[in-house]
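Below is one structure, written out as C-alpha cells, with a few remarks after it.
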Amino acid sequence: MKKYFLTGLIILLPIALTIIIAIWLFDLLTDPFVGIVENMIISIERKRGFDLQHHMTLVLVISRIIVAIVLCIFIFILGFLGRRYFEHYFAKWSRAVFTRIPIIKTIYTVSHDVTKSVFTEGKTAFQKTVLIPFPKPDTHALGLVTGEPPAAVKKALGDKGNLAVFVPTSPHPISGYMLISSQKELLDVTMSSEDVFRYLISCGLAHPEEAKKEKP
C-alpha cells in the first residue's frame, strides 16, 4: 500500500504543482484588468435585460479569459510593431521616462535587464555551470556563471580573471547568492541550467542522468 501511495504521489505532485503555478501566473497577469472587464460585461448584459449579480463566479472566469486573449493579442501586436518600426524609439522613450522616477527607476532597470537577458533570441542567461567553494573552502555549491563582473568590481579586486556566479538555494532556487570568484577556484560541470534547478528543487534526490533515462 505504501509503495502504491508513493508512486501515485510522484505522478500527481508534479502535475498539481504545474497547474498551481500556471493558475498563479494566469491570475497575476489578468488581475489588474479583470475588474474593468467584469463591469463591462455586467453593464452590457444589464442593458439586454440580464442580471448577472448572482453569477459573479461565471463573470470572473469569462473576464479572465477575455483579458488573457486581449493581452496575448496586444503583446503580439506590440512586438510586431516594435520589431518593424519603433523598437529603438520606444525603448529610448521608456528609459527616458521611467529612469527619472525614484524607486520606479530601480524596478524598471532591473526588470528590463533581466527580461532582455532571458528572452533575447540566441542569448542564454547563464554561460555555464560550475562548482564554487561555498560556504567554506572544503565544500562546494553548484553555481551558474552569468558573466564578468562590473568594471568597478574588477578595479576593486585588481584581477581580470574573476567571474560573476549565481549560486541558487535549495529547494527554492529562485533566490540565491551573487558571488564574485576567480576562475581558478571554479570547476566546470557538464550540467545544463535546467538540470541544476531540477537537482536543487529535489534537494539532491533527482539526478540529471535518471531524468534522461526516463525520457521516451
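Coordinate-derived values only; no laboratory data. Computed from a predicted structure; not experimentally measured. Positions of Cβ are backbone-derived with ideal geometry, glycine not excepted, and every protein chain shown enters the neighbour counts.
The table below lists the values:
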read-out	value
Whole-Hz couplings from phi, Karplus 6.51/-1.76/1.60, listed for region 165-180; x for Gly and Pro	10, 8, 10, x, 8, 10, x, 10, x, 5, 9, x, 10, 9, 10, 10
Assigned charges on the beta-carbon of Lys, Arg, Asp, Glu; region 128-214 dipole about Cα centre (debye)	320 debye
Gain upon complete extension [Met56, Met40; 0.36 nm per residue less C-alpha separation]	4.5 nm
Pairs beyond 25 Å (Cα-Cα), from Lys128/Lys184; Lys105/Lys136; Lys92/Lys160	Lys105/Lys136; Lys92/Lys160
Per DSSP, loop trypsin sites (Lys or Arg not before Pro) in region 1-51 with at most 16 further Cβ within 10 Å	Arg48
